[in-house]
Amino acid sequence: MMKIAILTGAGVSAESGLGTFRDKDGLWTKYDLNEVATPEGFARNPALVHDFYNARRTNCVQATPNAAHTALAALAMADHDLTLITQNVDDLHSRAGSPAVIHMHGELMRALCASCNARWDAPLAMHPSDCCQTCGAAATRPDIVWFGEITYHMDAILDAVTAADLFVAIGTSAEVYPAAGLVEQATGDTLEINLAPSARANAFASHRFGPATEVVPAWVAELL
Ligand code: BV8
């Protein structure tokens, strides 16, 4: 029985039709992250930010989990102690059957009240005039961690990564912190699975390169 900590990024959802961020036709080549993914951008133009996340929420609902999501869900059922951490805000890991997913950058399908911190399932389309179901304030936002904001669940994430016999990063460019720095916290073996070497490839002991829907099921099959 191994303790395994897995960190996933946008690359694991790419083959489900959900764009990545930094690839050649990635989201950040079409949108300015300072406008749509920072608290300052939201304060300046909440309608623009809601339109950005409403479109991604619609894409997410229309997308289906792929073979990589399914394989990781199967690994969670196996005789290993698995902690699945994701930078992704989509819900494809959960829809594939992964029982416990730690969303360190938040969730598209959840809404947050910036006034009283209440959370609830987000409607498909959110608007600046939406009011909080708990305090009534018109201060609702997507439950997403924007740049310059503290990432969620860091204590549980660091506990899992430092205690793991094996830390695996899947489908991430390793350019966004603190996620990209987790490999340094790992005390056990480390493996990078990605289409190509990430910005932190040198920090990993071993690598497997190729599309997630091919490489992840093959790797999981060796562990089952
Ligand atoms: C914070 C939600 C501080 C929004 C996101 C240290 C050094 C430098 C900078 C910093 C630093 N520490 C902090 C910073 C600042 C900043 C940061 O890292 N900036 C970067 C850009 C330089 N970090 C922050 O602001 C963080 N907060 O530090 O707070 C603080 C501390 C105390 C008190 C107050 C504040 C918050 C970061 C979180 C931001 N939110 N997402 C949204 O989703 O809209 S991050 C965003 O990037 C996404 O969530 C995404 O998950 C994340 C990383 O991207 P990836 O998932 O890796 O995606 P990417 O497109 O880059 O790469 C895809 C990879 O997949 C590629 O490698 C590709 O080859 C591969 N691939 C493609 N197809 C496939 C594939 N692999 C396999 N199969 C395929 N088919």
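All of the numbers you see were taken from the coordinates with simple rules; none came from a lab. Quick caveat: nothing in here was measured; it's all calculated off a predicted structure. In this analysis, Cβ positions are derived from the backbone assuming ideal geometry, glycine residues included, and neighbour counts consider all displayed protein chains.
Quick rundown of the values:
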quantity	calculated
Residue exposure sequence - TRP219, TRP120 - by fewest surrounding Cβ within 10 Å	TRP120, TRP219
Unpaired by the 4.7 Å Cβ criterion, cysteines found in the chain	CYS60, CYS131
Which of LYS30, LYS3 has the fewest Cβ neighbours within 10 Å, and the rest in rising order	LYS30, LYS3
Distance in nm between pseudo-label sites at ALA137 and GLU214 (7 Å out along the Cβ direction from Cα)	5.0 nm
Antiparallel content of DSSP bridges confined to the chain, in %, to 5	25 percent
Cα-centred dipole magnitude for the chain, charges only on beta-carbon of K, R (+1) and D, E (-1), debye, nearest 20	380 debye
Cα pair distances exceeding 18 angstrom across the stretch 121-165, given as percent	53 percent
Directionally averaged projected area (convex hull, Cα atoms, the chain), nm²	11.6 nm²
Alpha-carbon Rg/Rh ratio, for the stretch 65-197, with Rh computed the Kirkwood way	1.01
